[in-house]
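Student: I have a structure I would like to understand better, so I am pasting it below and will then ask my questions one at a time.
Where a number appears in this text, it was derived from the coordinates with a stated rule and is not lab data. None of the values given here were measured: they were computed from a predicted structure. Heads up, the Cβs are rebuilt from the backbone with ideal geometry, glycines too, and the neighbour counts pull from every protein chain shown.
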Amino acid sequence: MEKMVKKNFVLGLVFVVMFISVGSAIWPFDSPRESPVNVDVNVQNAAPTITASEVRDKIYNTTNDVTPVINGANNVEISAKVEDNNGVNDLPGGSKAIIECSNETGFGLGTCNLYVSLRNPGNDYAPTYYYSDGNCTANTQNANTVEYLCTIPMHYYYEPAVNWELTVQVADASNQSNSSAINFLYQELSAFGYDPAVGWASISLDVEDQAADGPVGFVNQGNVDFSSAEVTAYDLPPTDSTGDNLPADAFSAGDTVGGSNSGSCASPALNDSSPSIISGISLAYGAGSPPANPGEEMFFCIWQRLDTTGLIFSSPSYSTSGGTQWEVDLVV
């Protein structure tokens with residue numbers, strides 16, 4: 001019995017020695033699997049993409065439909081949503097300040113990174129209106145998207161058209177850029193201003209063709225041409241309520257100063273209480289720049305010798321202030 005125990009012990013010892021020996025032989029080959037490995041991935045810069053742009057008329061609450069303001073400017077809001085897969089920090093307002101372009105030259109070359117223009121491509125003489133007033137802001141929408149809001153004045157003398165064009169260009173921090181253009185409507189506006197009074201400091205009852213002291217001047221306050229004019233005259237009542245009214249048909253009007261049977265004094269007599277067409281009167285709009293002031297003038301005359309009318313003019317003066325004001329209108 002004692003011999004058997006010893007035999008088993010020897011076998012067990014041999015087994016342990018062999019296991020350790022095999023283990024020692026394979027262990028060094030496991031080491032490379034635990035060594036660090038460097039991994040590098042270079043991401044190519046992505047150019048920004050303009051996903052949406054529009055022109056907002058904040059006065060009339062319309063989009064891509066702008067109405068002019070009489071003798072002024074409609075400060076429209078430009079919205080441009082820009083996406084960059086490298087993140088918003090790659091866009092203007094992120095790693096670099098917004099630098100607006102005074103024109104398209106130099107865009108994306110480090111000179112400027114945001115270019116916005118409004119122009120009417122359908123008319124050769126209509127200028128391009130670049131925006132460089134420093135009024136653009138960047139509003140982050142999400143990790144990759146920024147909305148740029150710019151305020152641009154559209155003046156009353158800009159030409160009306162259905163194909164006004166908004167162009168937006170954006171360059172990222174690597175000077176990669178993209179652009180987008182849309183069309184919008186700029187409405188027509190018929191408007192004008194004029195001197196509200198005409199007068200004669202002194203007249204003689206026995207003299208014909210007496211021109212007024214000065215003309216009525218007109219200035220175009222919209223973006224439409226006027227081709228003619230109308231005057232609706234009314235008899236002038238005496239200021240002291242004595243005698244007869246000064247009849248409307250004793251007056252005439254025209255496009256040149258009156259003289260002896262010439263100019264406005266040679267024009268047809270005005271109608272009483274109904275429109276009279278005044279020939280030769282026209283008023284152009286500014287077509288891209290402020291119009292002349294005055295751009296047109298209308299001259300008045302008392303063509304008739306008042307002492308030949310058979311009426312009594314005993315009052316020292318006559319005025320619409322005691323009656324009905326005359327109406328002056330320009331016709332498109």
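Student: Roughly speaking, what % of Cα-Cα pairs in the chain are separated by over 24 Å, rounded to a whole number?
Tutor: Numbers: 38362 of 54946 pairs.
The answer is 70 percent, as a whole percent.
Student: Among 62-68, 238-244, how do they line up from the highest to the lowest mean number of other beta-carbon atoms within 10 Å? Kindly include the intermediate steps, with their values, before the conclusion.
Tutor: On the way: 62-68: 17.4, 238-244: 13.6.
Highest to lowest by the protection proxy: 62-68, 238-244.
Student: A further question follows. Given an 8 Å cut-off on Cα distances and at least 6 residues of separation, report the relative contact order of the range 49-186 as a percent. Don't jump to the answer; show the numbers that get you there.
Tutor: Details: 344 pairs, mean separation 42.8, N = 138.
This gives 31 percent for the range 49-186.
Student: Could you list 300, 226, 251 in order of exposure, starting from the residue whose Cβ has the fewest other Cβ atoms within 10 Å? Mind showing how you got there, number by number?
Tutor: Working: 300 29, 226 22, 251 25.
Result, fewest neighbours first: 226, 251, 300.
Student: Given charges of +1 on the Cβ of Lys and Arg and -1 on the Cβ of Asp and Glu, with all other atoms neutral, how large is the dipole of the range 49-186 about its Cα centre, in debye to the nearest 20?
Tutor: Numbers: 5 positive and 15 negative charges, 29 e Å.
Dipole magnitude for the range 49-186 comes out near 140 debye.
Student: To the nearest 20 debye, what charge dipole does the chain have about its Cα centre, counting +1 at the Cβ of each Lys and Arg and -1 at the Cβ of each Asp and Glu? Please report the intermediate quantities before stating the final value.
Tutor: On the way: 10 positive and 38 negative charges, 644 e Å.
Roughly 3100 debye, rounded to the nearest 20.
Student: Which one, 212, 318, 192, is farthest towards the positive end of the dipole of the range 190-332 when Lys and Arg carry +1 and Asp and Glu -1 on their Cβ?
Tutor: 192
Student: Another question, then. Where nothing but the Cβ of Lys and Arg (+1) and of Asp and Glu (-1) is charged, how large is the charge dipole of the range 190-332 around its Cα centre, in debye to the nearest 20?
Tutor: Details: 1 positive and 18 negative charges, 39 e Å.
In debye, rounded to 20, the range 190-332 gives about 180.
Student: Only Cα pairs under 8 Å and at least 6 apart count here; give the relative contact order of the range 128-248 as a rounded whole percent. The partial results should precede the final answer.
Tutor: Details: 141 pairs, mean separation 21.5, N = 121.
18 percent.
Student: Residue 273 label point, 7 Å along Cα→Cβ, cut-off 16 Å on backbone N: hits in the range 221-235?
Tutor: From the range 221-235, the list is 232-235.
Student: Using a Förster distance of 35 Å, how high is the FRET efficiency between residue 65 and residue 42, based on the Cβ-Cβ distance and rounded to 0.05?
Tutor: 0.15
Student: So how do 255, 84 line up by other beta-carbon neighbours within 10 Å, fewest first? Before the final figure, lay out each step's value.
Tutor: Numbers: 255 18, 84 24.
Ranking 255, 84 by Cβ neighbours within 10 Å, fewest first, gives 255, 84.
Student: With all distinct Cα pairs included, what does the Kirkwood hydrodynamic radius of the range 49-186 come out to in Å, to one decimal, could you say?
Tutor: On the way: mean 1/r = 0.0659 Å⁻¹.
Value: 15.2 Å, from the Cα pair sum.
Student: Follow-up. Could you work out the relative contact order of the chain, using alpha carbon pairs under 8 angstrom and six or more residues apart, expressed as a whole percent?
Tutor: That works out to 16 percent.
Student: Mean shadow of the range 190-332, computed from the convex hull of its alpha carbons, in nm²? Don't skip to the end; give the middle numbers.
Tutor: Working: hull surface 32.5 nm².
Averaged projected hull area, Cα only: 8.1 nm².
Student: Also, quick follow-up: Please determine, in degrees from 0 to 90 and to the nearest 10, the orientation of helix 2-26 with respect to the longest principal axis defined by the Cα atoms of the chain, where the helix direction is its Cα long axis.
Tutor: Result, in degrees: 40.
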